[in-house]
1. Can you name the residue in segment B:317-357 that is within 30 Å of B:S214 (Cβ to Cβ) and hydroxyl-bearing (S, T, Y) and is also farthest from the chain's Cα centre (by Cα) among such residues?
2. Name the residues in segment B:127-163 that are under 30 Å from B:D14 (Cα atoms), modelled with pLDDT of 95 or more and part of a helix (DSSP H, G or I), would you?
3. If we scan segment A:254-264, do we find a residue that is at pLDDT 95 or above, more than 10 Å from chain B (Cβ to nearest Cβ) and part of a loop (DSSP other than H, G, I, E, B)?
4. Check A:L160 against each of (1) away from every other protein chain (no Cβ under 14 Å); (2) surrounded by fewer than 24 Cβ atoms within 10 Å (Cβ to Cβ) and name the one condition it does not meet.
5. Would you tally the residues in segment B:169-218 being surrounded by fewer than 22 Cβ atoms within 10 Å (Cβ to Cβ) and within 11 Å of chain A (Cβ to nearest Cβ)?
6. Sort through B:V281, B:V356 and tell me the only one that's closer than 30 Å to B:N188 by Cβ, surrounded by fewer than 24 Cβ atoms within 10 Å (Cβ to Cβ) and β-branched (V, I, T).
7. Taking segment B:208-226 on its own, how many of its residues are touching a Ser or Thr at 6+ places or on another chain (Cβ under 7 Å), more than 18 Å from A:E97 (Cα to Cα) and assigned to a loop (DSSP other than H, G, I, E, B)?
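The values are calculated or read from the model by the stated rules, or taken from the named source; none is laboratory data. All values reported here derive from a predicted model rather than from experimental measurement. Here the Cβ is made from the backbone with ideal geometry for all residues, glycine too, and neighbour counts use every protein chain on show.
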2 protein chains.
Amino acid sequence: MSNAWKAYQEQHQDRFLNEMMDLLRIPSISAKSEHQSDMIRCADAVKQSLLAAGCTRAEVLPTAGYPVVYGERIIDASKPTVLVYGHYDVQPADPLELWHSGPFEPVIKDGKVFARGSADDKGQFYMHVKALEVMDKTNTLCTNIKFLIEGEEEVGSPNLGAFVAANKELLKADVILISDSAMLSMENPSLDTGVRGLSYIEVEVTGANRDLHSGTYGGAVANPITILTRMIASCHDENNHITIPGFYDDVVIATDAERALINRAPYNEQAYKDELGLNEVWGEKGYSTYERTGLRPTLEVNGIWGGYTGEGAKTVLPSKAYAKISARLVPNQSSEKITEKLLNYFQSIAPKSVTVKASLHHGGEPYMTPIDSKGYQAASKAIETTFGKTPIPVRGGGSIPICSILERELGIKIVFMGFGLDSDNLHSPNEKYNLENYYKGIETIPYFHKYFAEA
Amino acid sequence: MSNAWKAYQEQHQDRFLNEMMDLLRIPSISAKSEHQSDMIRCADAVKQSLLAAGCTRAEVLPTAGYPVVYGERIIDASKPTVLVYGHYDVQPADPLELWHSGPFEPVIKDGKVFARGSADDKGQFYMHVKALEVMDKTNTLCTNIKFLIEGEEEVGSPNLGAFVAANKELLKADVILISDSAMLSMENPSLDTGVRGLSYIEVEVTGANRDLHSGTYGGAVANPITILTRMIASCHDENNHITIPGFYDDVVIATDAERALINRAPYNEQAYKDELGLNEVWGEKGYSTYERTGLRPTLEVNGIWGGYTGEGAKTVLPSKAYAKISARLVPNQSSEKITEKLLNYFQSIAPKSVTVKASLHHGGEPYMTPIDSKGYQAASKAIETTFGKTPIPVRGGGSIPICSILERELGIKIVFMGFGLDSDNLHSPNEKYNLENYYKGIETIPYFHKYFAEA
């Protein structure tokens with residue numbers, strides 16, 4: 001059966017690539033309202049691709065925000081059902097000037113396809129669409145398959161929880177399979193055992209009621225930029241430990257065994273620094289790089305702006321300054337609680353000479369999957385089959401806010417079988433996805449279904 | 001003679017206003033290269049207006065940057081010569097969305113003309129053009145008049161020094177008269193006795209060689225925004241005293257008498273706060289508001305940016321963050337020395353995990369004018385004549401970088417006779433100039449020439 005899969009894939013691999021690239025051409029940026037019609041167009045394209053790949057039912061279903069695309073291929077009610085989750089929305093493409101080619105004009109260079117969404121997540125969920133086609137056309141389907149492809153992952157899935165709660169029967173399955181993460185490398189395949197939670201807030205600091213001349217008023221009226229920089233600077237201590245009261249209260253301290261496991265993953269600090277152009281790594285004292293991105297919660301400023309940011313100089317004392325700030329959370333931290341602490345913190349430390357408005361963008365809970373679960377084991381075996389190596393279990397640094405809600409509502413476990421790489425420039429200019437990884441994913445996924453059905 | 005001036009002005013006051021508004025319609029933003037042709041157009045319009053007002057010679061003279069407009073009316077080589085300095089360039093108009101009407105579409109509302117450049121400085125230098133017309137048409141010219149109207153004041157006059165040095169004979173005069181500042185109020189007229197110096201720098205902080213996913217790399221790679229906020233926050237201590245090593249070294253400590261003088265100016269803190277929408281004033285501990293803006297040097301962030309600043313949320317760990325930062329300097333501080341200290345400071349405190357590029361935008365020296373000088377006394381008497389009150393001598397908070405160079409090259413003193421108000425929104429949206437101030441300026445200037453000629 002594996003020979004049939006490989007033969008079919010090889011015969012159709014150019015088309016598999018072209019179809020995926022067609023999807024990348026749609027600028028489905030959920031954060032920007034100007035892309036509303038692109039979002040709808042993208043959802044429809046996903047639906048059509050599901051029908052073409054072998055789904056017997058596919059629909060664009062409304063939510064209070066952007067619609068969800070649902071598809072299914074039921075072969076036998078007594079067989080296990082795999083629910084594939086993915087998202088058709090992408091991150092904004094700014095800063096545009098740093099892209100070497102248009103973010104929505106995919107080009108292939110050095111065996112990689114460059115485009116926003118290529119790895120996150122269009123290129124990855126589309127592997128599952130094509131894997132369905134491979135299994136269908138070779139008459140080797142051994143599980144039922146459902147697809148839940150949403151359009152609001154990059155803005156925190158604000159409406160998916162309600163959709164899932166209202167459609168539990170429709171989405172009933174035995175395992176959730178997600179390809180929206182990375183592996184260490186093709187030589188060192190890995191499987192994420194969890195994702196971090198997220199609390200994403202925005203802070204607005206206002207000084208005077210209008211922009212002022214910095215000569216006339218500077219030194220006598222609070223500068224909201226200066227105040228904001230002090231507030232942000234106060235969020236970490238000299239060891240880069242987060243100082244927000246209670247931030248670490250609920251963190252489950254990693255055991256020595258867990259720390260040993262995470263540090264078993266191959267790591268070459270010089271190569272890491274070289275690849276990122278760094279003189280030195282940075283982070284919380286007492287932890288390794290993988291511990292910092294996997295085991296520990298973090299607080300990052302994702303954006304800051306205020307005053308004059310154009311060419312040349314302007315001697316202005318601005319009225320307002322802003323920052324977008326997000327925390328990544330680890331097991332047992334609650335996004336709601338941390339968000340409250342963050343909002344309170346920025347409100348409480350503001351001097352009287354300014355006013356502060358702090359508000360939530362979105363959040364999501366951390367999620368862990370047990371490595372002895374049937375789903376994890378099937379994924380591990382599938383990768384071992386096609387890569388020739390048992391994948392290393394690692395903690396993912398990113399967040400998929402909906403995970404904890406999916407488990408709670410559907411009562412099943414999630415398996416993270418990502419085929420991306422950390423170097424894919426997710427959320428950055430020149431996002432790319434290696435064709436090798438794309439094809440390897442399509443090759444590996446049918447084995448997951450096989451091993452899951454057999455288990 | 002004063003009756004003839006008043007009669008002529010009243011007869012022509014609508015035209016005086018319309019002509020000034022025509023000048024405001026030209027978007028002569030020196031900081032933005034896209035306005036190059038507007039700058040040239042504006043210089044030419046200024047030249048034409050000088051000829052129309054009674055100059056017997058007016059020329060647009062080249063510099064290494066934007067040209068200077070020179071004009072003169074020589075009545076008698078034995079009479080004293082007044083050199084009027086002004087600038088035809090304006091600050092950028094951003095943020096555009098906060099303007100109630102187009103920055104270059106002047107409108108009159110409640111007795112004020114709203115437009116970029118209305119007070120700074122087109123509306124103010126144009127008073128001198130019209131005052132020349134008034135004196136010329138009433139045959140009452142009693143001094144020679146020269147005009148030096150430059151096009152790079154808002155970017156620090158980088159080329160004017162060389163121009164002045166090369167044209168000492170052309171610019172030879174007995175006093176320099178500048179209307180590019182404000183008075184306390186029409187009820188409390190004042191004369192600036194000096195301007196502060198300026199050191200304006202830009203700081204660029206670079207972390208990784210590209211934008212990264214904040215989940216994958218956050219916590220393990222330095223965030224240039226976080227580092228920049230720490231660096232800026234470290235520039236002041238808890239008393240808002242500037243901490244940059246050596247910053248205050250050369251400051252001439254104000255005497256008790258000087259402090260008493262500056263605090264004699266009417267100041268109502270509640271009214272000050274109400275007008276600016278503030279709960280509290282802010283500044284260096286131990287100093288009053290006027291001391292903070294007049295006697296003391298300051299350090300302000302004029303702009304900051306980095307990461308994602310658009311709508312919604314993006315979980316990016318940016319590669320770069322930037323700030324525009326400027327210090328206002330007081331007598332005996334050297335702009336060059338302070339600039340060096342600022343640049344060194346930002347370089348020296350940068351952790352190894354980032355690289356910092358700090359560079360100068362422009363600078364200028366502080367300048368003080370003695371109140372017992374002939375020029376100051378003529379201005380004081382002129383204002384007393386038309387306002388009915390002796391003007392209060394105050395220290396101006398702003399900067400006119402060229403002042404110290406003008407004095408050095410031409411060997412004469414500068415008089416600051418500004419008719420603006422602090423509430424004119426200089427460098428801010430909705431810049432305005434009160435028509436009353438405009439007309440009062442045109443009325444007052446001929447008296448300056450009269451008293452200066454008589455002294």
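1. B:S353
2. So in segment B:127-163, the residues under 30 Å from B:D14 (Cα atoms) come out as B:127-154.
The next check asks that each one be modelled with pLDDT of 95 or more; those that pass are B:127-152.
Correct list: B:M127, B:H128, B:V129, B:K130, B:A131, B:L132, B:E133, B:V134, B:M135, B:D136, B:K137.
3. No, segment A:254-264 contains no residue that is at pLDDT 95 or above, more than 10 Å from chain B (Cβ to nearest Cβ) and part of a loop (DSSP other than H, G, I, E, B).
4. For A:L160, the exception is condition (2).
5. Here the count works out to 4.
6. B:V281
7. 7
Condition check ((1) in contact with a Ser or Thr (Cβ under 9 Å, 6 or more places away or on another chain); (2) among the β-branched types (V, I, T); (3) modelled with pLDDT of 95 or more) across all residues:
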| position | (1), (2), (3) |
| --- | --- |
| A:G411 | no, no, yes |
| A:M417 | yes, no, yes |
| A:L435 | no, no, yes |
| A:G441 | yes, no, yes |
| A:I445 | yes, yes, yes |
| A:H449 | yes, no, yes |
| A:A455 | no, no, no |
